[in-house]
Amino acid sequence: MKIAVLQMVSGPAVQDNLAQARALLDRAAEAGAELAVLPEYFCLLGQADTDKLAAAEPAGDGPVQRFLARAARELGLWIAGGTLPLAVPGDPAHVRNALLVFGPDGTQAARYDKIHLFRIDDGRQRFDEARTIAAGSAPASFVLPSRDGHAWRIGLSVCYDLRFPELYRHYAAEGADLLLVPSAFTHSTGEAHWELLLRARAVENLAYVAAAAQGGTHPNGRRTWGHSLVADAWGALLGCRDEDGPGVVLADLDAARLPLLRGQLPALQHRVL
């Protein structure tokens, strides 16, 4: 199965971000991808944290959700829609940071609300997602029947979740073949840990990992690491974008490689705890 991870540099104008996303989705479809993954905050990376509150959509309808459904249907793509702000009923001060998956028929196939909320205060930067985001509470996965006849079990996560391996162990126990990690890593944490953590999650769970990232300097001054990539179950990089700015990383995933590796090194069967 061919997949595409899409790198963006989103800003405060939702329609501009959607136009940037659609151009990248068009490129992914033209290249023959079956699944395209957009980065975290693909539709809005505002001037202030509170901007996402004004852009929040009710679950099930809204301009960003309609955009994703229409693009999936028109392009015949599975689309993992990075994240978008979904309203929390009864709590106007917070949103869910939601990853929505749409199938080629335009219907929503899965929803994952980011569980682990990022906070940093290192003397140079201070940021706390919990000020405007309500944490999710449950893992989510879905099955993608690909053109090669394999039914891919795909586990969902977002950005800071990457530092919590127990989430990915849950997906491994479900038989996950592919783990998605749409992200907006800061430049400093990304430079130190991004590739290291992604390849570790792939190796320890003997699964493919696809990570679409924000990558560049945004209008609000924030700088994100980028380096969108796909890693195979042995930790090898199948593709990586090594420069800032929007772009598409394509990779071919071989379903037959997973049982081969898991048979040669049955680490998942050797778990004790």
Completion exercise
With -39,500 (n - 2.57) per DSSP H segment of 4 or more residues and division by the full residue count of the chain, the 222 nm estimate, nearest 500 deg cm²/dmol, is -8000 deg cm²/dmol
Handout entry: the stretch 217-266 and the stretch 27-98: distance between their alpha carbon centers, rounded to Å
Key = 21
Completion exercise
Residues K52, K2 in order from fewest to most other beta-carbon atoms within 10 Å are K2, K52
Problem - Gain on full stretching of the segment that runs from F127 to D16 - 0.36 nm per residue minus C-alpha separation - result: 37.5 nm
Fill in the blank from the handout: Extension length gain for D242 and L260 (0.36 nm per residue less Cα distance), in nm, is 3.5 nm
Problem - Simple label model, 7 Å out from Cα along Cβ direction - E166 to A192, nm - result: 2.3
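Read-outs throughout are calculated quantities, based only on the coordinates presented, and are distinct from any laboratory measurement. None of the values given here were measured: they were computed from a predicted structure. As a convention, Cβ positions derive from the backbone with ideal geometry for all residues, glycine included, and neighbour counts pool all protein chains shown.
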